[in-house]
Amino acid sequence: MYLAIVSAVLAVISLAAFVLYGADKSKAKRGKWRIPEKVLLGVSFFGGAVGGLLGMTLFRHKTKHWYFWAVNLIGLCWQAAAIVLIVLYC
C-alpha cells in the first residue's frame with residue numbers, strides 16, 4: 001500500500017516537472033515570462049526527478065547547466081532509495 005501511494009505521488013510530481021520544463025522551453029522560444037530556475041530545480045528534487053530528466057532531454061532545455069543535471073540526479077537517487085526502502089521494510 002505504501003509503495004503504491006509513494007509511486008503515485010512521485011509520478012504526479014514527475015508529470016508536473018515534465019510539463020514545467022516543456023512550458024519553460026516554450027516560453028523561452030517566444031520571449032515570454034519564464035518559470036524561475038528554483039521552481040524547476042525544486043520540483044525536480046522534491047519528487048519529480050524522472051520528469052525533470054525527461055523534460056531536460058526531450059525538450060533540450062537546461063542541459064548545459066551542470067547544476068540541473070546534479071540536482072536531478074541527486075533527486076533521482078533519493079527517490080529511488082525511498083522506493084527501495086519501502087519495498088524492503090514495508
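The values are calculated or read from the model by the stated rules, or taken from the named source; none is laboratory data. Remember, predicted model here, so these are calculated numbers, not experimental data. Reconstructed Cβ throughout: ideal geometry from the backbone, glycine too, with neighbour counts over all protein chains shown. Only protein heavy atoms, including side chains, enter the accessible area calculation; ligands, DNA and RNA are left aside. Shrake-Rupley method; radii C 1.70, N 1.55, O 1.52, S 1.80 Å.
A compact table of results
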{"item": "Some residue of the stretch 43-66 being among the aromatic types (F, W, Y) and closer than 30 Å to L88 by Cα", "result": "yes"}
{"item": "Test result for L20, over 24 Å from W66 (Cβ atoms), in contact with a helix residue (DSSP H, G or I) (Cβ under 8 Å, 6 or more places away or on another chain) and in contact (Cβ under 8 Å) with a residue 12 or more places away in the chain", "result": "no"}
{"item": "Qualifying positions in the stretch 55-90 - β-branched (V, I, T), over 15 Å from E37 (Cα atoms) and without any contact (Cβ under 8 Å) to a residue 60 or more places away in the chain", "result": "T57, I74, V84"}
{"item": "Qualifying residue in the stretch 65-76 (condition: open to solvent by 70 Å² or more (accessible area, probe 1.4 Å), of a type outside the set (F, W, Y) and assigned to a helix (DSSP H, G or I))", "result": "yes"}
